[in-house]
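The values are calculated or read from the model by the stated rules, or taken from the named source; none is laboratory data. Quick caveat, the model's predicted, so the values are computed rather than measured. So basically every Cβ, Gly included, is an ideal-geometry build from the backbone, and we count neighbours across all protein chains shown. SASA here: full protein model, heavy atoms, side chains in, ligands and nucleic acids out. Shrake-Rupley method; radii C 1.70, N 1.55, O 1.52, S 1.80 Å.
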Amino acid sequence: MFKVTPLPSKHRVAISFEGNFDHDPADFRAALIAAVGKVQAHDQSFDLICDFTHAHVMPQDHATTGQAAIAWCIENGLRKSANVTASVTQRMQLKRVSEGDLRFGQFADHGEAEEWLAV
């Protein structure tokens, strides 16, 4: 299950994943694109904060579609993406999916993620 919440005042989209990744990736992509359209700043930039703390490790097929979503975000103004994770496995997986891009940060708690996005 996923939840995508636009936060226009912060030019940010909050995403949370819970449980298994049994959702349709096309539904996630549509929700992401719609939310980004609501939060982009005048220069089209936006941030993401993604909460994986209540999710299982992402299956490979979702990791692949996740890379496509990341590419879309980069092409459409992504400034930073703060990923909050609960396990080393999740952090390693997200690091692999984001291919070392410095726009993507890995954090153990929301406070650190929010601080990083504020800079």
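Could you tell me which helices of the chain pass both thresholds, a Cα extent of 20 Å or more along their own axis and a mean Kyte-Doolittle hydropathy of at least 0.5, with helices taken as whole DSSP H runs?
On the way: long enough: 25-39 (21 Å, 0.97); 60-75 (23 Å, -0.07).
Membrane-span-like by this rule: 25-39.
Find how much the distance from ALA63 to ALA108 grows on full extension, using 0.36 nm per residue of separation minus their present alpha carbon separation; answer in nm with one decimal. Display every interim value, and only then the final one.
Working: separation 45, 0.36 × 45 = 16.20 nm, distance 2.02 nm.
Gain on stretching ALA63 to ALA108: 14.2 nm.
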Along the dipole axis of segment 14-89 (charges at Cβ: +1 for Lys and Arg, -1 for Asp and Glu; origin at the Cα centre), the most positive-end residue among THR89, MET58, TRP72 is TRP72
Once both label points are put 7 Å beyond Cα along the C-beta direction, the VAL119-LYS95 separation in nm becomes 1.8 nm
Candidates for volume of the Cα convex hull per residue in Å³ are (1) 115; (2) 189; (3) 91, and the calculated one carries label (3)
Largest fluctuation, HIS54, HIS23, HIS42 only, Gaussian network model of the chain with Cα springs under 10 angstrom, belongs to HIS42
Measure of exposure for THR5: accessible area at 1.4 Å probe, Å² rounded to 10, is 50 Å²
